[in-house]
1. Find all pairs meeting these conditions: Cβ atoms under 8 angstrom apart; at least six residues apart or on different chains; first residue within the stretch 3-26 and among the charged types (D, E, K, R); second residue in a loop (DSSP other than H, G, I, E, B).
2. With respect to the numbered conditions (1) among the hydrophobic types (A, V, I, L, M, F, W, C); (2) open to solvent by less than 30 Å² (accessible area, probe 1.4 Å); (3) without any contact (Cβ under 8 Å) to a residue 40 or more places away in the chain; (4) in contact with a strand residue (DSSP E or B) (Cβ under 8 Å, 6 or more places away or on another chain), which one is the sole condition not fulfilled by residue 102?
3. Select from the stretch 168-189 the residues that are open to solvent by 60 Å² or more (accessible area, probe 1.4 Å) and in a loop (DSSP other than H, G, I, E, B) and list them in ascending order.
4. Can you spot a residue in the stretch 22-41 that is open to solvent by 50 Å² or more (accessible area, probe 1.4 Å), out of contact with any His (no Cβ under 6 Å at 6 or more places or on another chain) and either among the polar types (S, T, N, Q) or modelled with pLDDT under 90 (or both)?
5. What are the residues in the stretch 42-79 that are crowded, with 19+ Cβ neighbours inside 10 Å, part of a loop (DSSP other than H, G, I, E, B), without any contact (Cβ under 8 Å) to a residue 60 or more places away in the chain and under 16 Å from the mean Cα position of the chain (by Cα), if any?
6. Check 111, 132, 115, 127 and return the single one that is at pLDDT 85 or above, within 15 Å of the chain's Cα centre (by Cα) and of a type in the set (A, V, I, L, M).
7. Quick check: is even one residue across the stretch 190-212 surrounded by 16 or more Cβ atoms within 10 Å (Cβ to Cβ) and small (Gly, Ala, Ser)?
8. Does residue 203 fit the bill of being farther than 20 Å from residue 47 by Cβ, over 23 Å from the mean Cα position of the chain (by Cα), modelled with pLDDT under 90 and of a type outside the set (S, T, N, Q)?
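The values are calculated or read from the model by the stated rules, or taken from the named source; none is laboratory data. Note that this is a predicted model, so its numbers are computed, not measured. Methodologically, a virtual Cβ is constructed for each residue, glycine included, from the backbone with ideal geometry; neighbour enumeration extends over all protein chains shown. When the accessible area is computed, the model is the full protein with side chains, heavy atoms only, and any ligands, DNA or RNA have been set aside. Shrake-Rupley method; radii C 1.70, N 1.55, O 1.52, S 1.80 Å.
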Amino acid sequence: MLAAAAFCPHPPLIVPEVAAGAAAELDGLRAACDLAVARMLAARPVLVVVVGAGPVAARWTAGAAGTLAGYGVDVTVPLDGQAGHGGTGLPLSVTVGAWLLARAGWAGERVAVTVPAAASDSELSDVAAQVVGFASHAAGSRNEDQALIADLDGNGRPEVIVPRQSRETLVALELDGSRFVERWSINLRAAIESNLLAADVDGDGLLDLVVADGRALYVFFSVR
């Protein structure tokens with residue numbers, strides 16, 4: 001669930017080391033961005049997602065970093081705010097976003113997402129699914145039926161069954177108030193390769209789950 005959002009520009013000159021002698025000219029912009037980020041963080045988010053333009057649709061996690069070396073200064077900005085990093089491949093947009101988060105003192109969880117200006121709906125859905133840790137289909141696939149909504153435990157409330165990003169685990173999410181919570185999970189032996197099917201296979205009045213991975217066909221029987 002989206003708790004709050006902050007929209008900030010990302011000119012490299014917003015970083016004082018890049019602006020150098022002209023840094024004071026952008027004090028107003030920095031103050032406005034600081035206020036926007038502070039208001040967003042006041043909502044106490046569980047996860048902050050930094051979204052910006054990039055050459056490809058991609059998801060970046062802790063360990064990633066960006067650099068402002070291309071703008072004449074040796075400044076590295078780790079996404080997670082830590083000194084160690086695993087490369088400097090973050091595009092400028094999310095590098096500045098990470099810099100603003102560090103400036104605000106955010107110590108919580110964060111990821112970054114980049115999307116090209118001409119991203120297709122499929123690319124956007126792939127990246128969105130990766131952010132929350134689940135995916136209804138394999139990246140690049142047109143088959144979007146690897147998710148299922150069914151009441152498998154017979155409690156009158158449907159579960160949303162989706163694969164994790166590894167595609168080797170199925171997870172059941174159930175709406176609890178205004179948010180989804182994880183009710184159960186099933187580990188498979190290989191990546192899922194079929195659609196998910198709910199049917200009363202054994203005739204006991206409860207829906208059962210049928211799925212195939214790269215090694216076998218599985219039928220998971222529901223019990224009361």
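1. Pairs that qualify, where the first residue is among the charged types (D, E, K, R) and the partner is in a loop (DSSP other than H, G, I, E, B), are 17/68; 17/73; 17/75.
2. (2)
3. 168, 177, 178, 189
4. No, that holds for no residue.
5. 79
6. Details: 132 fails: at pLDDT 85 or above; 115 fails: at pLDDT 85 or above; 127 fails: at pLDDT 85 or above.
Checking each option against the conditions leaves just 111.
7. Yes; the residues of the stretch 190-212 include at least one that is surrounded by 16 or more Cβ atoms within 10 Å (Cβ to Cβ) and small (Gly, Ala, Ser).
8. Numbers: farther than 20 Å from residue 47 by Cβ: yes; over 23 Å from the mean Cα position of the chain (by Cα): yes; modelled with pLDDT under 90: no; of a type outside the set (S, T, N, Q): yes.
In short, no.
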